[in-house]
Amino acid sequence: MNYDNLKISNQQAEDILFKLYQIKGKATALPGELDFNFRIKVDNNPGYILKISRPNEDEDYLDFQQQLLQFVADHGRNLMAPKVISDIDGNAISKITDNFGNERHVRLLSWVSGRVWSGVNPQLDDLRYSLGKQCGLLTQALQGFDHAEAHRTFDWDVAQSLWTKAHVDLFNSEEKAIVEHFQNLFENSQDTYSSLRKAVVHNDANDNNIIVSSDLIGPKVEAVIDYGDAVHTQIINDVAVACAYAIMDHNDPLEAALPIVQGYHSTFALQEEELAHLYNAIAMRLVISVTKSAINKIAEPNNTYLLISEKPAWEVLEKWRHISADFAHYSFRNACGYAAHPKAKSFQDWAEQQSFKLNQLFKTIDKKEAHHVDLSVSSKWIGHQEEFNDLDLFQFKIDQLQKKHPNNIIAGGYLEPRALYTSGAYDKIGNSGKESRTIHLGVDFWLPSGTIVNTLFDGEVVIAVNETGDKEYGGLVILKHQAVDFEFYTLYGHLSAESATKHRVGDTIKKDQIIGELGTSKENGNWVPHLHFQIMLSLLDYKNDFPGVAYYNQIDVWKNICPNPNLFFKSEALQKTVGTSNAELISYRKQHLGKSLSLQYKEPIKMVRGAGQYLMDQYGHKYLDTVNNVAHVGHENYKVVKAGQEQMALINTNSRYLHKNINALAEELIETLPPELSVLHFVNSGSEANELAIRMVKAATGERDIIASEVGYHGNSNMCIDISSYKFDGKGGSGAPEHTHIFPLPDAFRGTYRGEDSAEKYAEEVQKQIDAVHKKGRGVGALIIEPIISCGGQIELPKGFLAKAYEKVRAVGGLCISDEVQTGCGRMGKTFWGFQLHNVVPDIVTIGKPLGNGHPVAAVACTPEVADKFANGMEYFNTFGGNPVSCAIGAEVIRTVKRENLQENALKIGTFLKDELRKLAQEFPIIGDVRGQGLFLGIELVDADMNPLAAQTDYLTDRMKDHGILMSTDGPDHNVLKIKPPIIFTKANAEELLFYLRKIFAEDFMQL
């Protein structure tokens, strides 16, 4: 029968409902493959779900469903499930005749409130864990239930899935190859698969059958509904179904599946032999899905529900095909608390009985012990990234270390998180942004090229390849060894080309035989000569290679597949050292550091290395830094670092001695400033710079009263706190001191005065503070303000305001201070200094953080008139201000900005980013304002009534951190995202930032 003739309208459903149940309700159609389902809304009632069958549906099958629901109601502790509602005659299953004379069955179930899985965003690990947990609870509740219909022939039963083999011709060649691959795997595993535990299971935890709580933070799965696909089958198939649908639309479907498996195991323990078949079972559920879709396209082309999972199912199948079945199996085992590799314990017990000295691996080298070298991301030994990429320097350092330890072999590296791998060849986009392979899986022995390498065990050659050039290993040989009840492999990487090519797969090599010699740097991708020695308990699916480095989030599995080679050597030097944990660091901070020292993010990060626009944690995970304006020309900029190192090696003393560096820095700065600002004083920080500026004001004007903006911040010294509304008007503050006068934040978006014509009104507010000072019989010392107010929320001053404010202050003898601590040194793009955006020239400019790129150096620039009045006989001396090291660093920062055209870069990238953020605001009205200049931007989040959305802003920064992007909030209401990255930020960086902002803005929480 034509599908359109089978359909039941909403009005028909309402009529049937009233006739059979005497219930008046509003019906809305829901998805369904066989039944026609309707949500029934009733006043003062959670409602119902009305299920109307297709014509002549088997009543025994419907009875099976009703009995199953009743069994769950009786045995399902802690389970929420639909309840059977009887009709007015007491029937659990009713009958009607449709307009075509066909008999149909009708059932009414209680409505389970909540959101369906498909409508929840984001679907994070905790949610997937709760899905597995609920499915496991349901399987537990169904233990002991049976019914004849549970044993029916059923296309959606994974155990019966080989029916799909008859339909492979519905697919194109690529699709067919994928489907047949999994069909063959499944068919070949039937001997063990058929013996797995069986029971009646739900079998259909798909997107529309999973009910999630209404919580927008930390939602949990509360129920699994629609028992129409329940069947007696292998229990592992139920896990597979839950995984198959919940891993759709994820870049890494295996990673997405693991919390589901773990959750299921927590409430219904899965057996080891079952987990061995889960990879295949997931694949075969997807094969059923795409096959059904292909058939239904022909049979019922108008039934869109039948095709709803086709595209995402194919996407998962294609990704699943590229995941090693063994690696998936080991990952599932690890998620359930079993040893990832089934033979890991056997190997370890056996390996502990073995004992070798290093000269058995290198028989021509009379060295039995190792000396550990640390190449981890936290290592100081490897130095700057530019240095560890310098082959000659690296070789020199190895040689020097060898000279200090002539009787030992320089070695190390097992499970080291390394930053050495700068190539993006092995990077991937995971479920939470970019991931890099950083965890080293073997031990490296640093020895000269040509060093002979010997085998430790009898073995068979299984891989022998020459990957000389830029490949991972160069010459590579892998041997298979047989132990008591297991096999294992040893890998020898970075051999010479000849070593690899002289072996043939299948060759037998005896213990102590020469396997090869170490290759040259040219043969091994410009690595300094060394042996990479690794143990594997499985080759996974690798035929001509094997990873020597792994992703950190998979470390628990990989360290089981690749045990520590030191199990053989038992060298104390090669024992892995464990650094201080984050928890220990936090505990110590709480005990011994001031409570006012806060940490960023709900789960703080330990950063150990910087590189350009990135920071790296102790595991080598890279974070794109969008907020650290201190690292002005990039974290650990090599030329800046070298300038400091070279000068530090010579002399570092105070400015009372002549030195060229202080003049050089002064020259670089004066070149960027208006001619009026020609005198400099050097200090150590922005706070010191603003402190000194206020001292200059008092000396030059004889006045102490300072006018400043609301929510302004100018430093952490006493005098700076006294002029910082951000501090004294905030938590723990006690309001403005006697000599500080605050005018409203000049915010044209959400301030006291709004719109383009607000400049004059805010200038009048400055005048009011001038008048207030005069009423107290005193004069105005100065106005201090940032050209874009940072802590106030990246507030751009209304056009014309600053010139008017300067005019008013100067008219009464006051000075004008431009706080450029955050806005200076080219960040504005259009101009080198922020004040230049406003066509004004201040009397004093304070310069801070960016000048040292992380080193404490700052400056005050002023007019000769101010400088002369400040030089009133009281000497100004700062022990470290203007020291040769700081000046060398500061000068190199300014030169880098000029030489690399970074001001132009700030303009180009900042303009692109600002334009794209404004487009993003059209998609997401929660973005009320995008503002700023160059790479100093702000995004303010507000609701429709312009109320600040602090919770959403905080949520967004934490979620962006989850995706490897560092952001931070600002503003009096903590609802502004600030963007002020190192000004080497690229368009690709900006595009990555925009991509993940769009992704997070689309999440449920952002729509509050």
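Here are the numbers:
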{"item": "Odd one out for residue 441 among (1) surrounded by fewer than 22 Cβ atoms within 10 Å (Cβ to Cβ); (2) touching a Cys at 6+ places or on another chain (Cβ under 6 Å)", "result": "(1)"}
{"item": "Any hit, the range 90-104, residues being in contact (Cβ under 8 Å) with a residue 24 or more places away in the chain, surrounded by 15 or more Cβ atoms within 10 Å (Cβ to Cβ) and among the aromatic types (Phe, Trp, Tyr)", "result": "no"}
{"item": "Among residues of the range 790-827, those that are in contact with a His (Cβ under 7 Å, 6 or more places away or on another chain) and part of a helix (DSSP H, G or I), counted", "result": "2"}
{"item": "Enumerated helices (runs of 4 or more DSSP H) restricted to the range 712-780, each holding at least 1 residues that are of a type in the set (Ser, Thr, Tyr)", "result": "725-728, 759-775"}
{"item": "Hits in the range 479-494 (condition: modelled with pLDDT under 95 and among the hydrophobic types (A, V, I, L, M, F, W, C))", "result": "483, 484, 486"}
{"item": "Breaking point among (1) without any contact (Cβ under 8 Å) to a residue 60 or more places away in the chain; (2) within 20 Å of residue 807 (Cβ to Cβ), for residue 769", "result": "(1)"}
{"item": "Filtered residues of the range 365-390 (kept if of a type outside the set (A, V, I, L, M), more than 34 Å from the chain's Cα centre (by Cα) and modelled with pLDDT under 95)", "result": "366, 367, 368, 369"}
{"item": "In the range 619-666, the residues that are farther than 25 Å from residue 994 by Cβ, under 42 Å from the mean Cα position of the chain (by Cα) and β-branched (Val, Ile, Thr)", "result": "640, 641"}
{"item": "Failed item in (1) part of a helix (DSSP H, G or I); (2) surrounded by fewer than 24 Cβ atoms within 10 Å (Cβ to Cβ); (3) under 27 Å from the mean Cα position of the chain (by Cα), with residue 274 passing the rest", "result": "(3)"}
{"item": "Test: residue in the range 9-24 that is touching an Asp or Glu at 6+ places or on another chain (Cβ under 6 Å) and of a type in the set (Phe, Trp, Tyr)", "result": "yes"}
{"item": "Which listed residue, of 331, 293, is in the same structural domain as residue 175 (by TED's automatic domain parsing), in a helix (DSSP H, G or I) and touching a residue at least 60 places away in the same chain (Cβ under 8 Å)", "result": "331"}
{"item": "Some residue of the range 419-427 being among the aliphatic types (A, V, I, L, M), part of a helix (DSSP H, G or I) and modelled with pLDDT under 95", "result": "no"}
{"item": "Options 34, 17, 50; residue that is in contact (Cβ under 8 Å) with a residue 40 or more places away in the chain and over 48 Å from the mean Cα position of the chain (by Cα)", "result": "17"}
{"item": "Filter result for residue 284 (in a loop (DSSP other than H, G, I, E, B) and touching a residue at least 12 places away in the same chain (Cβ under 8 Å))", "result": "no"}
{"item": "Residue 563 within 23 Å of residue 351 (Cβ to Cβ) and of a type outside the set (Gly, Ala, Ser)", "result": "yes"}
{"item": "Residue satisfying all of: in the range 535-561; out of contact with any strand residue (DSSP E or B) (no Cβ under 9 Å at 6 or more places or on another chain) and farther than 25 Å from residue 505 by Cβ; surrounded by the most Cβ atoms within 10 Å (Cβ to Cβ) among these", "result": "560"}
{"item": "Selected residue (criterion: farthest from residue 570 (Cα to Cα)) from residues of the range 434-459 that are in contact with a Gly (Cβ under 7 Å, 6 or more places away or on another chain) and of a type outside the set (A, V, I, L, M)", "result": "434"}
{"item": "Filter result for residue 242 (in contact with a Cys (Cβ under 6 Å, 6 or more places away or on another chain) and not acidic (Asp, Glu))", "result": "yes"}
{"item": "Among (1) crowded, with 18+ Cβ neighbours inside 10 Å; (2) more than 28 Å from residue 332 (Cα to Cα) - the single one residue 572 does not satisfy", "result": "(1)"}
{"item": "Pick from the range 172-211, criterion of a type in the set (D, E, K, R) and either buried (at least 21 other Cβ atoms within 10 Å of the Cβ) or part of a loop (DSSP other than H, G, I, E, B) (or both), ranking: farthest from the chain's Cα centre (by Cα)", "result": "197"}
{"item": "Subset of the range 833-860 that is crowded, with 24+ Cβ neighbours inside 10 Å, part of a loop (DSSP other than H, G, I, E, B) and within 32 Å of the chain's Cα centre (by Cα) - its residue that is modelled with the highest pLDDT", "result": "853"}
{"item": "Selected residue (only one of 179, 224, 168, 200 is under 18 Å from residue 119 (Cβ atoms) and either hydroxyl-bearing (Ser, Thr, Tyr) or touching a helix residue (DSSP H, G or I) at 6+ places or on another chain (Cβ under 7 Å) (or both))", "result": "224"}
{"item": "Matching option when the condition is touching a residue at least 60 places away in the same chain (Cβ under 8 Å), surrounded by fewer than 23 Cβ atoms within 10 Å (Cβ to Cβ), part of a helix (DSSP H, G or I) and out of contact with any Cys (no Cβ under 7 Å at 6 or more places or on another chain), among 830, 869", "result": "869"}
{"item": "Residue check, residue 120 in contact with a Leu (Cβ under 9 Å, 6 or more places away or on another chain), on the phi < 0 side of the Ramachandran plot and in the same structural domain as residue 211 (by TED's automatic domain parsing)", "result": "yes"}
{"item": "Qualifying helices (runs of 4 or more DSSP H) (wholly inside the range 899-1008; at least 1 residues being basic (Lys, Arg), in contact (Cβ under 8 Å) with a residue 12 or more places away in the chain and in the same structural domain as residue 750 (by TED's automatic domain parsing))", "result": "none"}
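Yes/no matrix, rows are residues, columns are (1) in the same structural domain as residue 549 (by TED's automatic domain parsing); (2) within 24 Å of residue 390 (Cα to Cα); (3) hydroxyl-bearing (Ser, Thr, Tyr); (4) over 35 Å from the mean Cα position of the chain (by Cα):
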{"position": "479", "(1), (2), (3), (4)": "yes, no, no, yes"}
{"position": "497", "(1), (2), (3), (4)": "yes, yes, no, yes"}
{"position": "503", "(1), (2), (3), (4)": "yes, no, no, yes"}
{"position": "526", "(1), (2), (3), (4)": "yes, yes, no, no"}
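The values are calculated or read from the model by the stated rules, or taken from the named source; none is laboratory data. The shown structure was predicted, so the numbers you read here are calculated from the model rather than taken from an experiment. Glycine gets a Cβ as well: all are built from the backbone with ideal geometry, and neighbour counts include every protein chain shown.
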